[in-house]
Protein chains: 2
Amino acid sequence: MTPASEGRWALIVHGGAKAIEPGEEEANRRGVLQALAAGRAVLEGGGAAVDAVEAAIRVMEDLPVFNAGRGSALNEAGGVEMCAGLMDGRDLSVGAVGAIRNVRHPIAVAKRLLGEKEILLVGEGATLFAKENGAEMVAGEALVTEARKAALEAMHDTVGAVAMDRGGNLAAGTSTGGLAGAKVGRIGDSPLPGNGLYADNHVGGVSFSGDGETIARLALAARVMAGMAEQGPEAAIRDAVERLPGTGGAGADGGAIAIDRTGRIGWAHNSPAFAVAYANEGGGEPRACLGKDEEARD
Amino acid sequence: MTPASEGRWALIVHGGAKAIEPGEEEANRRGVLQALAAGRAVLEGGGAAVDAVEAAIRVMEDLPVFNAGRGSALNEAGGVEMCAGLMDGRDLSVGAVGAIRNVRHPIAVAKRLLGEKEILLVGEGATLFAKENGAEMVAGEALVTEARKAALEAMHDTVGAVAMDRGGNLAAGTSTGGLAGAKVGRIGDSPLPGNGLYADNHVGGVSFSGDGETIARLALAARVMAGMAEQGPEAAIRDAVERLPGTGGAGADGGAIAIDRTGRIGWAHNSPAFAVAYANEGGGEPRACLGKDEEARD
């Protein structure tokens, strides 16, 4: 069967369901466009969706404006523990790490796990696996920025990407520096299949950001997957996001991005902002915006 | 609205989707009946479903015949790391721990987390939280039995319980000593909402056991919840379990127990055995059996 997308790739990335501080708008916009360009290069070269997702997320992990990799939030002990997940819609394989320390690119460690029996490694074991598998290790301080040290609020943003490659394969990924001030060892929805992400070639792929505890308790990624075929990706996300109380700021708000098996791109959020960039083959110039309000004004 | 169950409690517990070695049948049967009795006492006394689930699982964590607490599997480093999860269907709150060490009752630590912002703590942070909150700590060796040291196969069983109290509230719980020979830091489906467990007063509660990676990749608890209202608990589980390849032994097999919002009890498995015990108010003597084959013969 020829994929419904007829060999066309599609890609969407986001930089977190959050409030964007005045003066940080352009850094967010440039960041998601840079991540999109990295993933797009993989897809245009005929690469796999999982590789495009990893490439896009690696870019955001290096940018301090995003709470992932460098620029991660500090937990209550003043340390950095990160989470990342990657799911391959070809065979439903999952690679994920939780409360991992001292790695530059948690998403790369998650990808390395795709070939293993284990799907989720946490804490000390995750860091050990990274070391043993040649991941780029860094001092904890290298992940900390001055801006994060000053952040007192319980910020909770996550970066993510969803891709469909020319073979019609879907992949979804997430990466986060966690929740500022959280207990050591805290994991939210980000690395958990059916909670923060999911990908299945027969349905689509989805990646969440926002209040991790509430997203996990509601198993929102599973709900989007259940609704996507009938409703399309954007309406399915909108229904899921409506379940979040949406108090704004540090409350139970969030957003998500998705691509369905026919290549349709969708996104929605109830957070104050949600920086996204997306493109698809033959669709002209990539688009970037900082939220649905901005999209509506364009 | 009066609950459809009209104030009657219901409870089901299981001792793992696994193969039961010859000679261990009675220890499994006695174990699930003992766990059932502990949970039943809570429900008959008018206690809450979450307390009944905790009480039942605590019993199984102390019995070496089950892979949870004492009797936990050894990971590839020869150590014990455990996972447990508890979900309260009243408000969808979740308490869960992953790769926790040195606690006698992981389910009690999970329950203590129900009142916190965080829903899932792992590794060092989980163990620290347990210590700080007065959990009973034990030396790692206290959790290891001779039988587990001798176990070479990748066993993967989990204990679980689902309860409905007289107020119509549902709760589901899991506890596991993990996968023998697994990497340090490995987490399977057990502590993850939508994967290994779920509870929602409007639908029901479900608890899984079996091949943790495959159950998580398929987000099976979310699938059972999506099907339970229409199909009833047992048919919904049967459909979910059919997605597991079911190679037997160490393959991707599993089983689950559930109670729907009307108090109906259901269970199914494709593992060689699945020790369960269940009872409901006014339903006569508790039942225990080691699998569907035995139930059919009765």
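The values are calculated or read from the model by the stated rules, or taken from the named source; none is laboratory data. Remember, it's a predicted structure, so these values are computed and weren't measured experimentally. Neighbour counts are summed over all protein chains in view; Cβ atoms, including those assigned to glycine, are modelled from backbone coordinates with ideal geometry. Side chains are part of the model used for accessible areas, which takes the heavy atoms of the whole protein and leaves out ligands, DNA and RNA. Shrake-Rupley method; radii C 1.70, N 1.55, O 1.52, S 1.80 Å.
A few notes on this one:
- Among the helices (runs of 4 or more DSSP H) confined to segment B:202-248, the ones with at least 3 residues that are facing chain A (nearest Cβ under 10 Å) and open to solvent by 20 Å² or more (accessible area, probe 1.4 Å) are located at B:220-231.
- Qualifying residue in segment B:67-90 (condition: over 20 Å from the mean Cα position of the chain (by Cα) and more than 14 Å from every other protein chain (Cβ to nearest Cβ)): no
Residues are listed down the side, and each one gets a yes or a no for (1) closer than 25 Å to A:Val65 by Cα; (2) within 13 Å of chain B (Cβ to nearest Cβ); (3) not in a helix (DSSP H, G or I):
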| residue | (1), (2), (3) |
| --- | --- |
| A:Asp157 | yes, no, yes |
| A:Ala161 | yes, no, yes |
| A:Gly178 | yes, yes, yes |
| A:Val184 | yes, yes, yes |
| A:Ala199 | no, yes, yes |
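So that you can scan it fast, the table gives a plain yes or no per residue for (1) within 21 Å of A:Leu92 (Cβ to Cβ); (2) more than 18 Å from the chain's Cα centre (by Cα):
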site: B:Ser190; (1), (2): yes, no
site: B:Asn195; (1), (2): yes, no
site: B:His202; (1), (2): no, yes
site: B:Met225; (1), (2): yes, no
site: B:Ala229; (1), (2): no, yes
site: B:Pro245; (1), (2): yes, yes
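- Criterion violated by A:Thr145 - all others in (1) over 25 Å from B:Arg101 (Cα atoms); (2) open to solvent by less than 10 Å² (accessible area, probe 1.4 Å) satisfied: (2)
- Every pair of residues 6+ apart whose Cβ atoms lie under 8 Å, when the first sits in segment A:16-36 and is under 19 Å from A:Gly210 (Cα atoms) while the second is at pLDDT 95 or above and of a type in the set (Val, Ile, Thr): A:Gly16/A:Val159; A:Gly31/A:Val59; A:Val32/A:Val13; A:Val32/A:Val276
- B:Gly178, sole failed condition from (1) at pLDDT 95 or above; (2) crowded, with 21+ Cβ neighbours inside 10 Å; (3) touching a helix residue (DSSP H, G or I) at 6+ places or on another chain (Cβ under 9 Å); (4) closer than 25 Å to B:Ala35 by Cβ: (1)
- The condition of being within 15 Å of B:Leu86 (Cα to Cα) and in contact (Cβ under 8 Å) with a residue 12 or more places away in the chain holds for only one of B:Gly227, B:Gly196, B:Gly185, that being B:Gly196.
- Residues satisfying the stated conditions in segment B:252-298, i.e. part of a loop (DSSP other than H, G, I, E, B), open to solvent by less than 40 Å² (accessible area, probe 1.4 Å) and in contact with a Leu (Cβ under 7 Å, 6 or more places away or on another chain): B:Ala252, B:Asp253
- Residue list for segment A:214-259, restricted to those being at pLDDT 95 or above and of a type in the set (D, E, K, R): A:Arg217, A:Arg223, A:Glu230, A:Glu234, A:Arg238, A:Asp239
- Sub-7 Å Cβ pairs linking a first residue in segment B:50-66 that is more than 10 Å from B:Ala163 (Cα to Cα) to a second residue that is open to solvent by less than 10 Å² (accessible area, probe 1.4 Å) and part of a loop (DSSP other than H, G, I, E, B), at least 6 apart or interchain, are B:Met60/B:Phe66; B:Met60/B:Ala68; B:Glu61/B:Ala68; B:Glu61/B:Gly69; B:Asp62/B:Gly69; B:Leu63/B:Gly71; B:Pro64/B:Gly71; B:Val65/B:Gly71, ordered by first then second residue.
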